[in-house]
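The values are calculated or read from the model by the stated rules, or taken from the named source; none is laboratory data. Predicted, not measured: the structure shown is a model, and the values here were computed from it. We place every Cβ from the backbone using ideal geometry, glycine too, and count neighbours over all the protein chains shown. Just so you know, the surface numbers come from the protein's heavy atoms only, side chains and all, with ligands and any DNA or RNA stripped out. Shrake-Rupley method; radii C 1.70, N 1.55, O 1.52, S 1.80 Å.
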Amino acid sequence: MIRLALPLALIATCAACSKPPQPDQAPPAPQARVETPWDSMEAQKKKAQDVQKVVDKQAEDQRKAVEAQSQ
């Protein structure tokens, strides 16, 4: 009987010391994006990249037209 009482007492003590489960907390609501000083520079960079893509495509089309004429 004593062999059984000691482990049960230990288990009961550990169960009494454990923390209760934390309640589910809702994640914080997302905040509105705040404009940073370099947002305008990023927009200019994106615009420049788009222009470069157009220029590259036009150059490729022109190169193909020149190759077609020379054949």
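Using only side-chain charges placed at the Cβ, +1 for Lys and Arg and -1 for Asp and Glu, the dipole size of the chain relative to its Cα centre rounds to 340 debye. Simple spin-label estimate for residue 71 and residue 38 gives 4.7 nm between the two label positions (7 Å along the Cα-to-Cβ direction from each Cα). Inter-label distance, residue 15 to residue 60: 7.0 nm, where each label sits 7 Å from its Cα along the C-beta direction.
The reciprocal of the average 1/r between distinct C-alpha atoms defines the Kirkwood hydrodynamic radius, which for the chain equals 20.3 Å. A 1.4 Å probe, protein heavy atoms only, puts the accessible area of residue 57 near 130 Å².
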